[in-house]
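A quick write-up on the structure given underneath.
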């Protein structure tokens, strides 16, 4: 896989060193080639050599100096006048690394001083968007957090602010519904403690994956041999005949999941999407709300927020929404904008207590209560025609919006 070319121009040498060290030791090392400059003159000289750059990320004053130098050269007759225009730097997909929002002078802005996983996610998305426009196609998941561009497989994230509401149940049934349509589907469970085995195994908990065939091995491959992620999936992703979809066995070492970072999770999802093996990825997420969850929600095309008629569950949802908006602002608002509130109710009285939120639009489908699942009965996929019909309806709602598993794939 060819690396995307990222040029960064900042005056602080220590910042450049820290960024380079982080990229080298992270999953982004397989995706990005960093070219660093600490002054405008060196950066301009590099640009004039005609090297391909997918993104130029620079401090605003360096961007301004680059423009001024080009304008001065054009006025002296050393460059064609057209080469002095602002569009020439913009043509290199320039972005401004700002200290505060509003300092970018019209360029796309990224905060220079923020957590490196979030910064690198933004930089890699802008790089991918630029690279895809040069080659006439879209890279997997490129630009989804900001522009909502459709590229690569569709991603549906199933999330709830409370545990035990039925996230795994919904995620698995959605995966089956899409698989039944003939789509290539991967069910991706990223819970700390997976309950998917109860659905995927008839009589016993899912055994630990033999020979390094589960999530632990895949995470290791992404760090050590990132170019082999696609071949690993081809060999080790399991297919459940009833589910009609693939899934990855859970971590053989629970610590691997407990120590999963936002960077790890982002790299994992992007690697799976970039493998070209799937039309749809259904992400089953934990009920926490950390940077890890936010990054995955940002990369998803649809976010299904699962709630119920329980007043406690609704209060947790309200608290999570308030916390997310306060902590992440516009980033979290964009996630809410592509979200749907999916409700599960036990009876009409519970449904009457529903508290719609102005932050997330409600979905039309309401999931029925399946008594045998709640009462400790064996959880069998598709054993409830009513639940299956509700998830089919929900998937069709997403189709109608041009979303997952649309008719044209």
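The values are calculated or read from the model by the stated rules, or taken from the named source; none is laboratory data. This one's a predicted model, so the numbers in the text were calculated from it and none came from an experiment. So basically every Cβ, Gly included, is an ideal-geometry build from the backbone, and we count neighbours across all protein chains shown.
Condition first: in contact with a helix residue (DSSP H, G or I) (Cβ under 7 Å, 6 or more places away or on another chain), surrounded by fewer than 23 Cβ atoms within 10 Å (Cβ to Cβ) and under 18 Å from residue 195 (Cβ atoms). Now tell me which residues in the range 285-299 satisfy that. 286 - this is the single residue of the range 285-299 that is in contact with a helix residue (DSSP H, G or I) (Cβ under 7 Å, 6 or more places away or on another chain), surrounded by fewer than 23 Cβ atoms within 10 Å (Cβ to Cβ) and under 18 Å from residue 195 (Cβ atoms).
Check 301, 279 and return the single one that is assigned by TED's automatic domain parsing to the domain that holds residue 216 and under 17 Å from residue 122 (Cα atoms). None of the others qualify; the one that does is 301. Just the residues that are modelled with pLDDT of 90 or more and part of a loop (DSSP other than H, G, I, E, B), please, taken from the range 290-322. Matches in the range 290-322: 300, 301.
Given the criteria over 20 Å from residue 125 (Cα atoms) and outside the structural domain of residue 227 (by TED's automatic domain parsing), does residue 49 qualify? Judged against the criteria, residue 49 is a match. Residue 347 fulfils the conditions (1) modelled with pLDDT under 80; (2) surrounded by fewer than 12 Cβ atoms within 10 Å (Cβ to Cβ); (3) farther than 21 Å from residue 160 by Cα except for a single criterion, (3). Just one residue in the set 154, 217, 191, 149 is closer than 30 Å to residue 108 by Cα, under 22 Å from the mean Cα position of the chain (by Cα) and modelled with pLDDT of 85 or more; that residue is 154. For the range 231-276, the set of residues classified as in a helix (DSSP H, G or I) and over 27 Å from residue 115 (Cβ atoms) consists of 231, 232, 233, 234, 235, 236, listed by residue number. Here residue 15 fulfils each of the conditions (1) more than 14 Å from residue 123 (Cα to Cα); (2) at pLDDT below 90 apart from (2). Just one of the listed residues (102, 106, 77) is modelled with pLDDT under 80, on the phi > 0 side of the Ramachandran plot, assigned to a loop (DSSP other than H, G, I, E, B) and not assigned by TED's automatic domain parsing to the domain that holds residue 327, namely 77.
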